[in-house]
Amino acid sequence: MEMLWIALPVLAAATGLAYIVKLYNELVRVAVNVEKSWANITVLEKQRYEEVPRLVEICNAYMKYERGTFLKITQARAQFLEATTPSATARADRQLESGLKTLFATVENYPDLKAEENFRRLQGRITALENAIADRREFYNDSVAVFNTRIGQVPYTFIAGLFGYSEQDMYQVPPEETEPVAVTFGGGR
Amino acid sequence: MTLTLAALIAGILLVLYALFNSGKKQVMADTPTSKVRSVAMGFAELKGVAKPRIMLVSPYAKLPCLYYKYKVEVITDSGRHRSSRTVREGESGSPFYLDDGTGRILVSPKGAEMRLTDRVQSEDPPEIITEWSIRGGERLYVAGTVGKLRDFTGADFDQAAHYRQELERLHGLLADVDRKPREWTGPQAQEAARDRVRQDIRQLEEKINSFSRETNGDLGEEIAVGKGTGEATFIISDMSEEDLAQQFSYSNALAGAAGGSLIIYALWTFMQG
């Protein structure tokens, strides 16, 4: 009987401790998900930047008068390679994406290049990588949303404060990319 | 004393079951849904439509499906007491595709916790046969590890071996048609059955040839979802994520309440004396 009076508080303390450990482990899992989903974007971005020199080389042979676009793309690649923070990476990405958009639009004026097998293959690969990067950014934002919600909820918020977890930033699309695209109809005299 | 101890152990086991299940529910809630075309290696949650790699036929209900699981129980009825005992159970291991509109990925069902509502039950006294299946076109929820098919324990990546097995089964069936003439109403019916099996054999042989040409008979290098070695959660369900989470909540609440009550009862009894 006496043993039970000792065992009961011990059991209650052990249950409480197990509960705190469970909460902490859940927070670690969502934090790791955020880190992993960011790293998974970087993997695809690296693959995309690896394709850039090949793309520029092929296009250069046909598009002699588009130096500005090539410069923008190669500068973005150099920026990406030097980037050490997510915001620097995001800046390089935006420059590359805008450069590629211009390049693929300009290709319409070069039918020989458009028909080139290697160019079409590279364009297809880069477009597929861009789609996958967009998906993974969406996934990253979902992971951040789960994390931010969790650390704001009771009782996780106490554990998060105790172990120094704070809100994470979402991947933001720059305002100029959300504005409607201006379409100019040609054919005027 | 023995009963109290049994109640305490049962209570602890039920609470542990509820805790383990609540962990699975939490993992589901914490993992956003990936798209197949951009899914990364490691643990992922996917939603899509089941598509065939090869069509299977469930062993008892003879339903065309992509996956089946069955359980045969024998019922013993002593007048006052009715009990059941599982005498046979099994499942198919052949991978099938999950298509979410952005792409398709193989699903290796070996080792999955199957939460299926598509169920057929038949009684063939003293046996009760229950069969669950996944059919082509069904919407599925899959939470598991993404990797190469050959990395998953027990994954049936040697598709050619599966085809050979199926071919052997059909040849056995053909032999059965010849061996049991009394099962047919006449020689014409027997010949028709023979023709049907021969046609199935021909179709399967064509399938084997085209499969060997396409993949050299090996699926092992394909990306798939399966049971990872470091991840306990691998769920395949034909329910929506919300329904599945609700099912987990109900069973957790039930197990937790029952377990808690048993523990309190056992402790109370110990204290009384």
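The values are calculated or read from the model by the stated rules, or taken from the named source; none is laboratory data. Since this is a predicted model, take the numbers as computed values, not measurements. Here the Cβ positions follow ideal geometry from the backbone for every residue, glycine too, while neighbour counts run over all protein chains shown.
The figures follow:
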| quantity | calculated |
| --- | --- |
| Residue B:113 vs. criteria within 30 Å of residue B:230 (Cα to Cα), of a type in the set (Asp, Glu) and touching a residue at least 12 places away in the same chain (Cβ under 8 Å) | yes |
| Residues located in the range A:17-38, provided they are of a type outside the set (D, E, K, R) and free of Cβ contacts under 8 Å to residues at least 60 places away in the same chain | A:17, A:18, A:19, A:21, A:25, A:28, A:32 |
| Selected residue (only one of B:67, B:97 is under 20 Å from the mean Cα position of the chain (by Cα) and surrounded by 21 or more Cβ atoms within 10 Å (Cβ to Cβ)) | B:67 |
| Only listed residue being of a type outside the set (Val, Ile, Thr), away from chain A (no Cβ under 11 Å) and not in a loop (DSSP other than H, G, I, E, B), chosen from B:19, B:5 | B:5 |
| Any chance residue B:34 is of a type in the set (S, T, N, Q), surrounded by 15 or more Cβ atoms within 10 Å (Cβ to Cβ), within 14 Å of chain A (Cβ to nearest Cβ) and in contact (Cβ under 8 Å) with a residue 12 or more places away in the chain | yes |
| The range A:9-38 - residue that is facing chain B (nearest Cβ under 10 Å) and in contact with a Leu (Cβ under 9 Å, 6 or more places away or on another chain) and, of those, nearest to residue A:163 (Cα to Cα) | A:22 |
| Residues of the range B:144-179 classified as modelled with pLDDT under 75 and not in a helix (DSSP H, G or I), total | 6 |
| Every pair of residues 6+ apart whose Cβ atoms lie under 6 Å, when the first sits in the range B:2-17 and is on the phi < 0 side of the Ramachandran plot while the second is part of a helix (DSSP H, G or I) and aromatic (Phe, Trp, Tyr) | B:7/B:265 |
| Out of A:41, A:73, sole residue that is touching a residue at least 60 places away in the same chain (Cβ under 8 Å), of a type outside the set (Phe, Trp, Tyr) and more than 9 Å from chain B (Cβ to nearest Cβ) | A:41 |
| Residue among A:160, A:90 that is modelled with pLDDT under 85 and either in a helix (DSSP H, G or I) or more than 24 Å from the chain's Cα centre (by Cα) (or both) | A:90 |
| Hey, residue B:163 in the same structural domain as residue B:198 (by TED's automatic domain parsing) and buried (at least 16 other Cβ atoms within 10 Å of the Cβ) or not | yes |
| Residue tally, condition farther than 20 Å from residue A:171 by Cβ, among the hydroxyl-bearing types (Ser, Thr, Tyr) and surrounded by 15 or more Cβ atoms within 10 Å (Cβ to Cβ), over the range A:40-94 | 3 |
| Long-range neighbours under 9 Å by Cβ, at least six apart or interchain, first residue closer than 13 Å to residue B:14 by Cα within the range B:243-255, second among the polar types (S, T, N, Q) | B:251/B:21; B:252/B:21; B:252/B:22; B:255/B:21 |
| Identity of the residue in the range A:151-165, away from chain B (no Cβ under 12 Å) and touching a residue at least 40 places away in the same chain (Cβ under 8 Å), that ends up nearest to residue B:32 (Cα to Cα) | A:151 |
| Odd one out for residue B:246, checked against (1) within 14 Å of chain A (Cβ to nearest Cβ); (2) out of contact with any Ser or Thr (no Cβ under 6 Å at 6 or more places or on another chain); (3) modelled with pLDDT of 85 or more | (1) |
| Residue B:225, sole failed condition from (1) more than 14 Å from chain A (Cβ to nearest Cβ); (2) more than 22 Å from residue B:137 (Cβ to Cβ); (3) modelled with pLDDT of 90 or more | (2) |
| Members of the range A:59-87 found to be polar (S, T, N, Q) and not in a helix (DSSP H, G or I), listed by number | A:84, A:85 |
| Only one of A:148, A:118, A:141, A:131 that is polar (S, T, N, Q), more than 14 Å from chain B (Cβ to nearest Cβ) and in a helix (DSSP H, G or I) | A:118 |
| When residues of the range B:37-72 are limited to those that are aliphatic (A, V, I, L, M) and within 11 Å of chain A (Cβ to nearest Cβ), the one nearest to residue B:111 (Cα to Cα) | B:44 |
| Set A:45, A:26, A:51: member being among the charged types (D, E, K, R) and either touching a Cys at 6+ places or on another chain (Cβ under 8 Å) or under 21 Å from residue A:149 (Cβ atoms) (or both) | A:26 |
| In the range B:116-140, residue surrounded by the fewest Cβ atoms within 10 Å (Cβ to Cβ) [restricted to those that are charged (D, E, K, R) and in contact (Cβ under 8 Å) with a residue 12 or more places away in the chain] | B:119 |
